[in-house]
Amino acid sequence: MREHRTGFLMLTGIGVFLTLISPLGSGTLPFPWRLTYWVGLMYLGGSSGHYSAVLLERLAPNLPAFPRYALIAAMVSVPVCAAVIAIQAAAGSLPPVQYWPFIYMSVLVVSSGVSLMTFLFESRAAGDPAQQTGRALTDKLPPRLRNADILALESEDHYLRVHTSLGDELILMRLSDAMAAVETLEGSQTHRSWWVARAAITDVERENGRAKLTLTSGAIAPVSRTYVPVLRDKGWI
């Protein structure tokens with residue numbers, strides 16, 4: 001819920017708006033049922049859009065943003081259209097099959113509007129230089145981790161393990177490039193193969209001139225002797 005808070009708020013707002021204007025003959029429903037109907041369809045569309053995005057990320061990772069959102073709108077409209085037909089059938093008025101394409105096109109109009117809003121929102125965010133810098137790293141993460149807090153970066157040969165508040169993922173990236181991408185965060189390199197965010201540290205252990213940092217995820221980040229003076233000056237250890 002925390003990761004997708006903005007999306008939930010946007011979908012709820014659109015659902016309430018559609019409830020008030022009552023398109024496609026939904027005005028015959030009592031207000032509580034109309035609200036449940038539209039907000040429920042928005043949530044179904046939102047979850048379908050999330051999994052559609054995950055699928056497209058795997059099948060066509062280099063697809064430009066606008067065509068990707070257009071495809072997501074078309075994909076989302078299938079389960080939402082099926083839900084509309086099922087709800088009408090449950091209410092005792094199954095639409096004739098020849099009307100199903102019209103229902104799909106009506107759903108597609110709404111889905112396209114939501115996709116366009118999302119596209120514009122993310123395009124504006126991408127125009128922020130600070131966010132652009134971070135996206136060099138976050139765009140390489142799977143969708144489920146892109147809005148998570150970055151806890152640490154760990155170099156593993158030619159790969160980089162990104163530790164986040166929602167889990168970790170191995171990506172192809174150099175540690176130096178990743179540290180440049182998170183330069184707006186308060187953090188520091190602690191080892192030749194580790195970078196740690198200050199907010200992620202929950203405990204510090206010292207032994208034989210060395211230190212270890214325990215992170216909120218439970219991961220242990222080593223501190224080499226080279227970086228002890230730097231971290232001491234920062235008040236970390």
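Between the residues 33, 194, 179, the greatest Cα displacement towards the positive end of the dipole of the chain, with unit charges on the Cβ of Lys, Arg, Asp and Glu, is found for 33. Between residue 177 and residue 233, the simple label model (points 7 Å from Cα in the Cβ direction) yields a spacing of 2.9 nm.
Under 5 Å between amide hydrogens, built in the peptide plane, is the criterion, and for residue 237 it picks out 232 among residues at least 5 positions away or on other chains. Note that the range 30-41 has calculated 3J(HN,Hα) couplings of x, 3, x, 5, 5, 5, 4, 4, 6, 5, x, 5 Hz, one per residue in order, obtained from phi through the Karplus relation 6.51 cos²θ - 1.76 cosθ + 1.60 (θ = phi - 60°); glycine and proline are x. Its alpha carbons considered, the chain gives a radius of gyration followed by a Dmax of 23.4, 78 Å. Ordering 75, 152, 95 by the projection of their Cα atoms onto the charge dipole of the chain, which places +1 on the Cβ of Lys and Arg and -1 on the Cβ of Asp and Glu, puts 95 at the extreme positive end.
Contact order normalised by length for the chain, with contacts defined as Cα pairs under 8 Å and 6 or more residues apart; what percent is it? Walk me through the numbers before you get to the answer.
On the way: 274 pairs, mean separation 24.8, N = 237.
After rounding, I find 10 percent.
For the residues 175, 153, 55, a GNM of the chain with alpha-carbon springs under 10 Å puts the largest fluctuation on 55. Listed by Cβ neighbour count within 10 Å, with the fewest neighbours leading, 117, 173, 42 appear as 117, 173, 42. Note on the chain: dipole from Cβ charges, positive end direction compared against 22, 220, 141; the farthest Cα belongs to 22.
Find how much the distance from residue 17 to residue 156 grows on full extension, using 0.36 nm per residue of separation minus their present alpha carbon separation; answer in nm with one decimal.
On the way: separation 139, 0.36 × 139 = 50.04 nm, distance 4.90 nm.
Computed gain between residue 17 and residue 156 is 45.1 nm.
Evaluate the relative contact order of the range 3-80 (contact order divided by residue number), counting alpha-carbon pairs under 8 angstrom at least 6 apart; express in whole percent. List each step's numbers first, then the result.
Details: 49 pairs, mean separation 24.6, N = 78.
Over the range 3-80, the number comes to 32 percent.
So which trypsin sites (Lys or Arg not before Pro) in the range 1-92 are both in a DSSP loop and have at most 10 other Cβ atoms within 10 Å of their Cβ? Intermediate results must be reported in sequence, preceding the final value.
Values: sites: 2, 5, 34, 58, 68; in loops: 2.
Those satisfying the criteria are 2.
Taken about its Cα centre, the chain carries a charge dipole of about 120 debye when Lys and Arg each add +1 at the Cβ and Asp and Glu each add -1 at the Cβ. Relative to the longest principal axis of the Cα atoms of the chain, the long axis of helix 100-126 makes an angle of roughly 30 degrees. The angle between the Cα long axis of helix 65-90 and the main principal axis of the chain comes to about 50°, on a 0 to 90 degree scale.
What list do you get for 93, 188 if you sort them by fewest beta carbons within 10 Å? Before the final figure, lay out each step's value.
Values: 93 8, 188 16.
So the ranking, lowest neighbour count to highest, is 93, 188.
We did not get these values from a lab; they are worked out from the coordinates using the rules stated. Bear in mind that the values here come from a model prediction, so they are computed numbers and not experimental data. Counting neighbours? That spans all protein chains shown, and the Cβs are built from the backbone with ideal geometry, glycine included.
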